[in-house]
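K.L.:
Below is one structure. I have some questions about it.
The values are calculated or read from the model by the stated rules, or taken from the named source; none is laboratory data. Everything quoted here is computed from the prediction, not taken from an experiment. Positions of Cβ are generated from backbone atoms using ideal geometry, with glycine treated the same way; all protein chains shown enter the neighbour counts. Note: areas computed on protein heavy atoms with side chains; ligands, DNA, RNA excluded. Shrake-Rupley method; radii C 1.70, N 1.55, O 1.52, S 1.80 Å.
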Amino acid sequence: MTKNTAWTKKDLLGLKELTREELELLLNTAESFKEVISREVKKVPTLRGKTVVNLFYEPSTRTRVSFEIAAKRLSADVINIATESSSVRKGETLIDTGKNIEALKVDIIVMRHNCSGAALMLAKNLRASVINAGDGWHEHPTQALLDMFTLKERLGRIEGLKVSIVGDIAHSRVARSNIWGLTKLGAQVTICAPALLIPPGIEKTGVRVTSDIDEALADADAVNVLRMQFERDAENAFPRQLEYFKNFGITTERLKGAKKNILVMHPGPINRGIEISSEVADGSNSVILEQVTNGIAVRMSCLFLVSGANENIKKVGRLTSLPVNRLKRP
Amino acid sequence: MSMKEKAHIMDKNGMQRTLARMAHEILEKNKGTRDLVIVGVRTRGAHLAERLAQTIEKIDGHKPPVGILDITLYRDDLSSIAQQPVVHKTEIDFDIQDKKVILVDDVLYTGRTVRAALDEIIDFGRPQFIQLAVFIDRGHRELPIRADYVGKNIPTSPKETVEVRLEESEGKDEVVVLESND
């Protein structure tokens, strides 16, 4: 990493628009925060006096709690807004909600939204920092960052690694953010899913595509197993779950054809017996719980960097985080 | 802001003699190395801490544990520095509870770095006491902080900068005073 890399963006919206150096800065900074969260006193005064709002339009416990812990470890004040019980129910628009939160002198808004692009829209309209905690099928940058952090911590590098992502790629923001981040850092990504769940044109991002799980596992250093969401189609869920497990489920038997120390990752919450067997989820290849711990360090890094950059932007007196061409993107 | 070298204060031999004297003072004041730990402020303070520990070992036969403190997260000026500093790890892999902590930094100036370092050390536990060792004291304190061990006092003007250069980081041991041209 070059020494002069600085974080200049007030927001973290996705990994697609970040440079390799910015990704490395986020991950390296997270390493220092990992040290902080393993101390006796797991708290530093860095963001004292700053306020972070968690604005979640979709139910989420783990991401929200992880951001809340991350902000508290940095001594920021944290407020959670669950939209089911807020004025969003009364028809307030997203931008109005955002401006009202900003008027409360909030510094950082962490938002999850069911519409792709919602975080970008909010960020364009506010001076407060926006961190995307998942928008539609678009991106979930902090999840991908914690996946990459875990890979780097366990295997020492990302460059040259072979990483397979298995599951519902089409509807997965986790997959998209991982693809952008991993390919930028020089990993070889393979995606594996039933043909219907592979988004058309995905190979243009430089990934290898297959529907053969054994092929995807064969030479992989790590496999990232996505959550299958059959609850959207409850009626037919059970037979399809069995079929999916048979054809794509990660089991001990299947891992026999993989590298002996392949890392098994999962963004959670896991569906035991659907995309992964209990034996694998709890086995020696699994780093699923390490990912949860690393999520705090990575989110502390994001909060720290956007907060510092925004202070500098406010000093200069202009909004510099969004390059003009980004606003015109279709 | 360009800087020109105004005075050459110390060379390698001078620095070695100064470190040896500081090591003796630390041992004298603390009556040996019992419960003694040395913690340096990253980057140059950490190198100096390691050198002090080695010098103490030569005199006393026992090397106190050495830790590294990165005070970035404890700074009081995070929002006013133009570029964000890169955060590095703090590495203190021993218990500081009830220990005699010698905090080491290269230059003592406003005292704000020391303030941040004290806060961070105390987050790691409750030491018996903390003593401060600095290689150069250049004055202009903004906080009520003083050093217990000083390599050399160099009265300066606020326009000047004192640089302690070390083989580990700059490839050469020397102390110089720099002055800004404007």
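K.L.:
Using the structure shown, decide if B:Glu168 is outside any loop (DSSP other than H, G, I, E, B) and in contact with a Leu (Cβ under 8 Å, 6 or more places away or on another chain).
P.N.:
Values: outside any loop (DSSP other than H, G, I, E, B): yes; in contact with a Leu (Cβ under 8 Å, 6 or more places away or on another chain): no.
No, not satisfied.
K.L.:
Would you check which residues across the stretch B:92-131 are in contact with a strand residue (DSSP E or B) (Cβ under 8 Å, 6 or more places away or on another chain), among the acidic types (Asp, Glu) and either open to solvent by less than 20 Å² (accessible area, probe 1.4 Å) or modelled with pLDDT of 95 or more (or both) and list them?
P.N.:
Correct list: B:Asp105, B:Asp106, B:Glu120.
K.L.:
So in the stretch A:288-318, with the set limited to residues that are among the charged types (D, E, K, R) and closer than 22 Å to A:Val78 by Cβ, which one is nearest to the other protein chains (Cβ to nearest Cβ)? If you could, list the steps in order and put the result at the bottom.
P.N.:
Start the filter on the stretch A:288-318 by keeping residues that are among the charged types (D, E, K, R), which leaves A:290, A:299, A:311, A:314-315, A:318.
Keeping just the survivors that are closer than 22 Å to A:Val78 by Cβ gives A:299, A:311, A:314.
Details: A:Arg299: 14, A:Glu311: 4, A:Lys314: 9 Å.
By that ranking, first place goes to A:Glu311.
K.L.:
Going by what's in this entry, would A:Lys34 be described as among the charged types (D, E, K, R), closer than 19 Å to A:Pro141 by Cα, within 9 Å of another protein chain (Cβ to nearest Cβ) and surrounded by fewer than 23 Cβ atoms within 10 Å (Cβ to Cβ)? Explain how you work it out, then say what you get.
P.N.:
Working: among the charged types (D, E, K, R): yes; closer than 19 Å to A:Pro141 by Cα: yes; within 9 Å of another protein chain (Cβ to nearest Cβ): yes; surrounded by fewer than 23 Cβ atoms within 10 Å (Cβ to Cβ): yes.
Considered against the rule, which asks whether it is among the charged types (D, E, K, R), closer than 19 Å to A:Pro141 by Cα, within 9 Å of another protein chain (Cβ to nearest Cβ) and surrounded by fewer than 23 Cβ atoms within 10 Å (Cβ to Cβ), A:Lys34 comes out as yes.
K.L.:
On to the next question. State the number of residues belonging to the stretch A:263-295 that are under 27 Å from A:Phe33 (Cβ atoms) and either among the basic types (Lys, Arg) or open to solvent by less than 30 Å² (accessible area, probe 1.4 Å) (or both).
P.N.:
13
K.L.:
Next question. Give me a count of the residues in the stretch A:8-30 that are within 14 Å of chain B (Cβ to nearest Cβ), surrounded by fewer than 18 Cβ atoms within 10 Å (Cβ to Cβ) and under 20 Å from A:Ala144 (Cα atoms).
P.N.:
Selection size over the stretch A:8-30: 1.
K.L.:
Looking at the stretch A:42-79, which of its residues are more than 17 Å from the chain's Cα centre (by Cα) and either of a type in the set (D, E, K, R) or open to solvent by 60 Å² or more (accessible area, probe 1.4 Å) (or both)? Spell out how you get there, then give the answer.
P.N.:
At the first step, the residues of the stretch A:42-79 found to be more than 17 Å from the chain's Cα centre (by Cα) are A:42-53, A:72-79.
Passing the criteria: A:Lys42, A:Lys43, A:Arg48, A:Gly49, A:Lys50, A:Lys72, A:Arg73, A:Asp77, A:Ile79.
K.L.:
Taking the conditions exactly as written (free of Cβ contacts under 8 Å to residues at least 60 places away in the same chain, open to solvent by less than 60 Å² (accessible area, probe 1.4 Å) and closer than 13 Å to A:Met265 by Cβ), does A:Ala144 satisfy them or not?
P.N.:
Values: free of Cβ contacts under 8 Å to residues at least 60 places away in the same chain: no; open to solvent by less than 60 Å² (accessible area, probe 1.4 Å): yes; closer than 13 Å to A:Met265 by Cβ: yes.
No.
K.L.:
Going through the stretch A:196-213 one residue at a time, which ones are assigned to a helix (DSSP H, G or I) and open to solvent by 60 Å² or more (accessible area, probe 1.4 Å)?
P.N.:
The initial filter retains those residues of the stretch A:196-213 that are assigned to a helix (DSSP H, G or I), namely A:196-197, A:202-205, A:213.
Answer for the stretch A:196-213, where residues must be assigned to a helix (DSSP H, G or I) and open to solvent by 60 Å² or more (accessible area, probe 1.4 Å): A:Leu196, A:Glu203, A:Lys204.
K.L.:
Is it the case that B:Arg17 is surrounded by fewer than 22 Cβ atoms within 10 Å (Cβ to Cβ) and touching an Asp or Glu at 6+ places or on another chain (Cβ under 8 Å)? Even if it seems obvious, please write down each step before you answer.
P.N.:
Values: surrounded by fewer than 22 Cβ atoms within 10 Å (Cβ to Cβ): yes; touching an Asp or Glu at 6+ places or on another chain (Cβ under 8 Å): no.
It is false that B:Arg17 is surrounded by fewer than 22 Cβ atoms within 10 Å (Cβ to Cβ) and touching an Asp or Glu at 6+ places or on another chain (Cβ under 8 Å).
K.L.:
While we're looking at this one, here's another question. Can you find a residue that is over 17 Å from A:Gly134 (Cβ atoms) and more than 11 Å from every other protein chain (Cβ to nearest Cβ) anywhere in the stretch A:57-68?
P.N.:
Scanning the stretch A:57-68, I find no residue that is over 17 Å from A:Gly134 (Cβ atoms) and more than 11 Å from every other protein chain (Cβ to nearest Cβ), so the answer is no.
K.L.:
Provide a single number: the residues in the stretch A:173-188 that are farther than 23 Å from A:Glu31 by Cβ and surrounded by fewer than 24 Cβ atoms within 10 Å (Cβ to Cβ).
P.N.:
Going through the stretch A:173-188 one residue at a time, the tally reaches 2.
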